[in-house]
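One structure is given here, and the rest of the page talks about it.
The values are calculated or read from the model by the stated rules, or taken from the named source; none is laboratory data. Being a predicted model, the structure only gives us computed values, none of them experimental. Methodologically, a virtual Cβ is constructed for each residue, glycine included, from the backbone with ideal geometry; neighbour enumeration extends over all protein chains shown. Side chains included, ligands, DNA and RNA excluded: accessible areas come from the protein's heavy atoms. Shrake-Rupley method; radii C 1.70, N 1.55, O 1.52, S 1.80 Å.
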Amino acid sequence: MDNRRMTILTINTEPYQDQLPGTSGLRKKVNIFKQLHYLENYIQSLFNTLPDHNGMTLVLGGDGRYYNNIAIDTILRMAAASGFARVLVGCNGLLSTPAASHLIRKNKAVGGIILSASHNPGGPEGDFGVKYNIANGGPAPEKFTDAIHSGACAITEYRTLEEQAPDISTVGIHKLGAMTVEVIDPVIDYAELMQHLFDYDAIRALFATGGFKMMFDAMHAITGPYAKHILEEELKAPDGTVINGIPKEDFGGGHPDPSLKNSPQLVEQVLTANGFDFGAASDGDGDRNLILGRGIFVAPSDSIAIMAANAHHLPGYRNGLAGVARSMPTSQALDRVADQLGIECYETPTGWKYFGNLLDCGRITLCGEESFGTGSDHVREKDGLWAALFWLNLIAVHQKPVAEIVQLHWQRFGRHYYSRHDYYFTNDDEANNLITALKGKLPGLTGQSFLGSTVTLADDFSYTDPIDNTVTGQQGMRIVFDNNSRIVMRLSGTGTHGATLRIYHERYEPDPELQNLDTQQTLTDVIAIAAEISGIHERSGKQRPDSIN
């Protein structure tokens with residue numbers, strides 16, 4: 001490394017013991033990250049965990065939330081001091097998570113640092129996060145993040161550059177010490193990738209008629225510039241198709257989680273009998289999606305199943321699917337499609353990193369999670385805008401409204417009624433005690449009957465990676481019944497404080513005459529059984545969940 005043009009500073013520090021990454025990196029309140037040396041400790045521990053990275057390329061960017069550019073300035077100077085040859089950083093610090101994954105892969109980078117707390121609120125009182133993606137473009141595995149944590153708990157110093165980081169508000173190439181800082185347009189490479197996956201001519205024809213109307217809610221988050229460029233400029237959707245398209249540090253005061261509750265304007269315009277034909281939204285960092293049709297919300301578990309059943313109609317997937325995968329809590333709708341297609345369906349723990357080996361080894365082409373995440377082998381992250389384009393292409397191919405596409409799928413494969421109930425605990429111990437009590441009940445549940453349903457399986461899910469045989473245990477409790485109903489209970493790993501118990505309820509209905517009932521009413525017995533087994537109402541003091549998805 002050429003040290004002649006820079007001064008490397010070694011700063012003494014003391015470790016913080018709370019820097020344990022969760023499902024998607026280290027997420028904390030902004031005021032936690034503002035503590036003296038807090039960010040620097042974590043970044044230095046990350047760099048120390050990497051193999052020799054002298055002369056390597058790093059990708060860097062985030063969703064534009066508060067503290068994003070302050071963190072980028074810090075990381076650039078630390079990367080120069082650590083010997084990186086080049087850093088690719090999004091102009092103005094902006095870079096969606098799926099776009100970052102693509103850039104890592106395209107540029108053969110050693111990895112990338114994505115600054116985001118995903119769907120968590122932003123602003124000075126909100127959340128911030130740091131996630132590292134490895135060379136395949138996907139989230140770092142637990143072995144790597146555990147090593148970062150171990151290093152962070154013992155760190156005594158970090159290295160940085162005395163020289164100030166360059167201005168990243170315009171595209172261009174700069175030198176920072178011996179390191180090249182390449183400020184890039186964050187949209188162009190990603191937009192080019194989408195052109196190879198979808199039939200843009202067919203989608204343009206939808207808009208050309210003037211009769212097809214859609215709305216995309218970017219939620220004042222990272223997807224805005226991507227959606228404006230692709231939908232309005234390349235696909236010729238009318239101006240104004242993308243709403244809330246300018247990224248803001250506090251997401252315009254909104255909650256950047258794509259849901260019916262958090263996208264009121266989208267819901268008002270689409271979920272009515274005379275509404276828009278199609279609606280979609282994406283979250284803070286651009287990896288989650290919300291899909292709506294006129295008068296219908298497409299549940300994420302149904303969405304990935306419908307995508308798999310129809311992928312062969314799209315240019316990027318005409319050679320068929322190698323296989324598919326879903327997270328364990330996600331409904332089994334995808335399994336039924338895979339069975340009819342004669343392909344493998346893998347059941348993994350929650351967290352996109354568990355799809356990585358399957359994608360890299362060509363075992364799967366599509367994958368998804370119930371928490372509004374779907375993706376494919378085009379990157380190693382879930383991808384919100386990609387999901388919207390996928391559905392636009394399906395509408396263009398079938399020339400049918402979203403509701404009819406969904407109905408035809410249910411008639412062919414059956415419907416999985418499905419709902420997630422979340423209970424928020426401000427006290428972690430209360431939530432952990434509930435989980436411990438549940439685990440104690442599992443061995444005795446098999447064979448028991450509840451409201452006419454008999455338990456055939458009750459376990460704490462454990463996953464053995466079929467590629468490297470890594471075992472990941474304690475991933476949530478599954479309770480399966482003889483009538484194809486299922487209950488899953490697990491603690492969420494994406495919050496920054498407290499704990500959230502997620503209870504998933506599922507019931508399969510093959511009869512087309514019974515596939516258009518109210519979801520919560522249809523699941524009444526399953527919900528009651530889950531409450532009885534978990535004791536959630538007594539333990540939480542709540543008679544209803546804090547949120548229903």
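Would you mind stating whether residue 415 is open to solvent by 10 Å² or more (accessible area, probe 1.4 Å) and within 17 Å of the chain's Cα centre (by Cα)?
The answer is no for residue 415.
If the requirement is being in contact (Cβ under 8 Å) with a residue 12 or more places away in the chain, open to solvent by 30 Å² or more (accessible area, probe 1.4 Å), touching a helix residue (DSSP H, G or I) at 6+ places or on another chain (Cβ under 7 Å) and more than 30 Å from residue 291 (Cα to Cα), which of these qualifies: 465, 460?
The match here is 460.
For segment 112-128, which positions are buried (at least 24 other Cβ atoms within 10 Å of the Cβ) and over 13 Å from the mean Cα position of the chain (by Cα)?
Across segment 112-128, the qualifying residues are 112, 113, 115, 122, 127, 128.
For residue 439, only one of the following conditions fails: (1) within 28 Å of the chain's Cα centre (by Cα); (2) assigned to a strand (DSSP E or B). What is its number?
Among (1) within 28 Å of the chain's Cα centre (by Cα); (2) assigned to a strand (DSSP E or B), the lone unmet condition for residue 439 is (2).
Would you pick out the residues in segment 128-143 that are over 24 Å from residue 387 (Cα atoms) and out of contact with any Lys or Arg (no Cβ under 6 Å at 6 or more places or on another chain)?
128, 130, 142, 143, listed by residue number.
Can we say residue 246 is over 22 Å from residue 421 (Cα atoms) and either open to solvent by 50 Å² or more (accessible area, probe 1.4 Å) or outside any loop (DSSP other than H, G, I, E, B) (or both)?
Here the answer is yes, as residue 246 does meet what is asked.
Among the residues that make up segment 217-224, is at least one of them at pLDDT 95 or above, crowded, with 23+ Cβ neighbours inside 10 Å, touching a Cys at 6+ places or on another chain (Cβ under 7 Å) and not acidic (Asp, Glu)?
Within segment 217-224, not a single residue is at pLDDT 95 or above, crowded, with 23+ Cβ neighbours inside 10 Å, touching a Cys at 6+ places or on another chain (Cβ under 7 Å) and not acidic (Asp, Glu).
Among 396, 387, which is assigned to a helix (DSSP H, G or I), aliphatic (A, V, I, L, M), farther than 27 Å from residue 522 by Cβ and open to solvent by less than 20 Å² (accessible area, probe 1.4 Å)?
So the residue among 396, 387 that is assigned to a helix (DSSP H, G or I), aliphatic (A, V, I, L, M), farther than 27 Å from residue 522 by Cβ and open to solvent by less than 20 Å² (accessible area, probe 1.4 Å) is 396.
Please work out which residue is surrounded by the most Cβ atoms within 10 Å (Cβ to Cβ), limiting yourself to segment 129-147 and to residues that are small (Gly, Ala, Ser), over 22 Å from residue 38 (Cβ atoms) and in contact with a Leu (Cβ under 9 Å, 6 or more places away or on another chain).
137
If you take just the strands (runs of 3 or more DSSP E) that sit entirely in segment 266-366, which of them hold at least 1 residues that are aliphatic (A, V, I, L, M) and either open to solvent by 10 Å² or more (accessible area, probe 1.4 Å) or out of contact with any helix residue (DSSP H, G or I) (no Cβ under 9 Å at 6 or more places or on another chain) (or both)?
Because the criterion is at least 1 residues that are aliphatic (A, V, I, L, M) and either open to solvent by 10 Å² or more (accessible area, probe 1.4 Å) or out of contact with any helix residue (DSSP H, G or I) (no Cβ under 9 Å at 6 or more places or on another chain) (or both), the strands (runs of 3 or more DSSP E) in segment 266-366 that meet it are 296-298.
Among the residues of segment 22-39, write down those that are closer than 20 Å to residue 161 by Cα, open to solvent by 40 Å² or more (accessible area, probe 1.4 Å) and either hydrophobic (A, V, I, L, M, F, W, C) or in a helix (DSSP H, G or I) (or both).
Residue satisfying the conditions is 36 alone.
With respect to the numbered conditions (1) open to solvent by 60 Å² or more (accessible area, probe 1.4 Å); (2) among the aliphatic types (A, V, I, L, M); (3) closer than 30 Å to residue 125 by Cα; (4) out of contact with any Phe, Trp or Tyr (no Cβ under 7 Å at 6 or more places or on another chain), which one is the sole condition not fulfilled by residue 260?
The number of the failed condition is (4).
Under 7 Å by Cβ, and 6 or more places apart or on different chains, what pairs join a residue from segment 60-82 that is in contact (Cβ under 8 Å) with a residue 40 or more places away in the chain and within 21 Å of residue 178 (Cα to Cα) with one that is part of a helix (DSSP H, G or I) and open to solvent by 10 Å² or more (accessible area, probe 1.4 Å)?
74/40; 78/40
Looking only at segment 520-542, count how many residues are over 13 Å from residue 421 (Cβ atoms) and not hydroxyl-bearing (Ser, Thr, Tyr).
Residues in segment 520-542 being over 13 Å from residue 421 (Cβ atoms) and not hydroxyl-bearing (Ser, Thr, Tyr): 8 in total.
Restricting to segment 408-432, give me the number of residues that are part of a helix (DSSP H, G or I), more than 15 Å from residue 508 (Cα to Cα) and touching a residue at least 60 places away in the same chain (Cβ under 8 Å).
4
Look at segment 40-62 and say how many of its residues are open to solvent by 10 Å² or more (accessible area, probe 1.4 Å), under 26 Å from the mean Cα position of the chain (by Cα) and of a type in the set (A, V, I, L, M).
1
Quick grid of which residues meet (1) in a loop (DSSP other than H, G, I, E, B); (2) within 30 Å of residue 16 (Cβ to Cβ); (3) open to solvent by less than 40 Å² (accessible area, probe 1.4 Å):
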{"position": "169", "(1), (2), (3)": "yes, no, no"}
{"position": "182", "(1), (2), (3)": "no, no, no"}
{"position": "190", "(1), (2), (3)": "no, no, yes"}
{"position": "196", "(1), (2), (3)": "no, no, no"}
{"position": "203", "(1), (2), (3)": "no, no, yes"}
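Of everything in segment 433-454, what is over 25 Å from residue 540 (Cα atoms) and touching a residue at least 12 places away in the same chain (Cβ under 8 Å)? Give them in sequence order.
446, 452, 453, 454
Could you check segment 280-301 and list, in sequence order, the residues that are touching a residue at least 40 places away in the same chain (Cβ under 8 Å) and of a type in the set (A, V, I, L, M, F, W, C)?
Selection gives 280, 281, 290, 291, 292, 296, 298, 299.
Take residue 380 and tell me if it is more than 21 Å from residue 280 (Cβ to Cβ), assigned to a helix (DSSP H, G or I) and either modelled with pLDDT of 95 or more or not aromatic (Phe, Trp, Tyr) (or both).
For residue 380, the condition - more than 21 Å from residue 280 (Cβ to Cβ), assigned to a helix (DSSP H, G or I) and either modelled with pLDDT of 95 or more or not aromatic (Phe, Trp, Tyr) (or both) - is not met.
Being open to solvent by 40 Å² or more (accessible area, probe 1.4 Å) and aliphatic (A, V, I, L, M) is the filter here; which residues of segment 148-159 pass it?
154 - this is the single residue of segment 148-159 that is open to solvent by 40 Å² or more (accessible area, probe 1.4 Å) and aliphatic (A, V, I, L, M).
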